[in-house]
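The values are calculated or read from the model by the stated rules, or taken from the named source; none is laboratory data. These numbers were taken from a predicted model, which means no experiment stands behind them. Cβ atoms come from the backbone with ideal geometry, glycine included; neighbour counts cover every protein chain shown.
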């Protein structure tokens, strides 16, 4: 069984391989985006204050995802490269140490949830109308999400182990189960249906973590019983400094890269809160809506990373280049579809969140402006994942740092001062154009430094 999967990663025609690897992940991430939307839709129907609270909590939720996914990227890259090099013992150590790192990350976020949730919300809501109500709802919501975040950490590590070995169908099953549970529980716990009390935003958080924990259980089962190439066991486990260093060589830049989204979100909220709570809600609605577009692209690149990493370890240059070219084509196509939807139906999309007239006034133009450079973002995401796959996550981090912090926030602040809330959204396409140029420059460097001299051609096996 292990030999079959190894051969598939190395010899299956790359278009078919990328589709078969990515499609289940793309479906699972669309499901993830769906239940993020459903969560917010129910909360928005409950009250505008609850939706503002959940929107303000979003950056810390994204920080959880940043640490989990960043660590997972490091595991994925290392494990796939070791399988390509046929170093199976190191691959098993990468998987086991990855689960250990997921547990440590959960402990850190649980402590943040216990001691700092209220402080976080009070820093935003002191001057807002209904600020104390928003702070109370947000503290409950965020505390639950952080304290019980072990589900999402271990689930994502399991997903990356499965991806690295070429088994992605089980990721889709995990996500479908977790999302299904969350979607069913959301209205029950938020509005208090049947024997359950009305819990508002706290009910949304409880539904979310229950779905994550159940998905984690399935993930652990799949890793133990379906993965043949690596063996994961915590018996007599001792952390390996060498393996952890290799994981975080790619993982830490990826964590920082994705955490910058949270930093950007917090900074943007500080800019928008000076205008109104409606402006903050528009940003929260945008991030949930854009996940429907970006999540399939992330699913595509999650399938691409182990293919590129494996073939980099096996020194198959042409397979890498063909994979990247096809991934760019698919990514841009998805992003163009998303741009068209945002241009044609912005009001209808915002009304999913029970948008007030103030939200619609700000949000319609915001969605149209931000989506202008979606296609540029698609190219940049693919190139960043190539950098991670070959073991140079620092380049991905630099692109993200430039986009989120160096360009986006300063431009947003300047535009807010000059043109007000309706101008601030132009900072997104400006930042996207700059990051595209930087991504192209770095990709040329990566090609010359890592890919140009790979010299182990391999004939594809038709029909695999």
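Just to be sure before I move on: is residue 144 at pLDDT 95 or above and either under 30 Å from residue 389 (Cβ atoms) or surrounded by 20 or more Cβ atoms within 10 Å (Cβ to Cβ) (or both) in the structure I sent?
On the way: at pLDDT 95 or above: yes; either under 30 Å from residue 389 (Cβ atoms) or surrounded by 20 or more Cβ atoms within 10 Å (Cβ to Cβ) (or both): yes.
Yes, satisfied.
Where residues in the stretch 240-251 are under 16 Å from residue 391 (Cβ atoms), touching a helix residue (DSSP H, G or I) at 6+ places or on another chain (Cβ under 9 Å) and surrounded by fewer than 18 Cβ atoms within 10 Å (Cβ to Cβ), which of them is modelled with the lowest pLDDT? The extreme case among them is 249. Counting the residues of the stretch 179-201 that are crowded, with 20+ Cβ neighbours inside 10 Å and either on the phi > 0 side of the Ramachandran plot or in contact (Cβ under 8 Å) with a residue 60 or more places away in the chain (or both) gives 6. So which residues in the stretch 422-454 are over 16 Å from residue 408 (Cβ atoms) and not in a helix (DSSP H, G or I)? Listed by number, the residues that qualify are 422, 452, 453, 454.
Here residue 353 fulfils each of the conditions (1) surrounded by 24 or more Cβ atoms within 10 Å (Cβ to Cβ); (2) part of a helix (DSSP H, G or I); (3) at pLDDT below 90 apart from (2). Scan the stretch 150-169 and give yes if some residue there is in contact with a helix residue (DSSP H, G or I) (Cβ under 8 Å, 6 or more places away or on another chain), closer than 30 Å to residue 223 by Cα and free of Cβ contacts under 8 Å to residues at least 60 places away in the same chain, otherwise no. Within the stretch 150-169 (the criterion being in contact with a helix residue (DSSP H, G or I) (Cβ under 8 Å, 6 or more places away or on another chain), closer than 30 Å to residue 223 by Cα and free of Cβ contacts under 8 Å to residues at least 60 places away in the same chain), the answer is no, since none of the residues qualifies.
Number of residues in the stretch 203-239 that are more than 23 Å from residue 33 (Cβ to Cβ), touching a helix residue (DSSP H, G or I) at 6+ places or on another chain (Cβ under 8 Å) and assigned to a helix (DSSP H, G or I) equals 3. Just wondering, is there one or more residues in the stretch 317-339 that are at pLDDT below 85 and outside any loop (DSSP other than H, G, I, E, B)? Scanning the stretch 317-339 turns up no residue that is at pLDDT below 85 and outside any loop (DSSP other than H, G, I, E, B). Is there a residue in the stretch 303-318 that is without any contact (Cβ under 8 Å) to a residue 12 or more places away in the chain, out of contact with any helix residue (DSSP H, G or I) (no Cβ under 6 Å at 6 or more places or on another chain) and surrounded by fewer than 19 Cβ atoms within 10 Å (Cβ to Cβ)? No: zero hits.
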